């Protein structure tokens, strides 16, 4: 059976059903016709609401609920973008040719929020002008955030790091604290070879 023959068969069935429905509707009393029409209108309204309006209302409610979180995320991204721009600007103010000093490192550590009693800047290595910073029970997340920002703020990066979890006097490990040393090497300007 071809496609057109199948379509013609379905059309014919539809015509027959439509005629039968029209005849059955015409046989009804006027009051019954009104009830059937009203029931059909109610069914059509319910279907329209369930499949057309209600999903849209749920989507609007879901979007309204998500909007404050999206605004917070947008504000966070904007703040991070401003911080990056500010750090880049401040990095250009640091003299790229000037040597890294103890005061630069101390100011950077203090600005990162590390307590002064958790770090010590040791004397620089004479041969390479690398600085070593010793840490004792410093918050690990603050330390790693500082190490991540060091190339921008200090124009120095971690050459070597020997870190371990801090321990109490009883030998028990402290959660989220680190001990050790980090050696900082000055970052060479890109145009310098």
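The values are calculated or read from the model by the stated rules, or taken from the named source; none is laboratory data. Note that the structure is a prediction, hence the values are computed from the model and not measured. Methodologically, a virtual Cβ is constructed for each residue, glycine included, from the backbone with ideal geometry; neighbour enumeration extends over all protein chains shown.
Would you point out the residue of region 137-153, among those that are more than 25 Å from residue 173 (Cα to Cα) and in contact with a strand residue (DSSP E or B) (Cβ under 7 Å, 6 or more places away or on another chain), that is modelled with the lowest pLDDT?
Filtering region 137-153 for residues that are more than 25 Å from residue 173 (Cα to Cα) and in contact with a strand residue (DSSP E or B) (Cβ under 7 Å, 6 or more places away or on another chain), the one modelled with the lowest pLDDT comes out as 151.
Kindly provide the set of residues from region 120-137 that are within 23 Å of residue 87 (Cα to Cα) and touching a helix residue (DSSP H, G or I) at 6+ places or on another chain (Cβ under 8 Å), ordered by number.
Correct list: 121, 131, 133.
Might you check whether a residue that is under 30 Å from residue 125 (Cα atoms) and in a helix (DSSP H, G or I) occurs anywhere in region 10-22?
No, the conditions are met nowhere in region 10-22.
Which pairs have Cβ atoms under 8 Å, sit 6 or more apart or on different chains, and link a residue in region 29-48 that is surrounded by 10 or more Cβ atoms within 10 Å (Cβ to Cβ) to one that is in a helix (DSSP H, G or I)?
Going by the 8 Å Cβ cut-off, the qualifying pairs are 33/25; 36/25.
For residue 143, state whether it is surrounded by 13 or more Cβ atoms within 10 Å (Cβ to Cβ) and more than 17 Å from residue 187 (Cβ to Cβ).
yes
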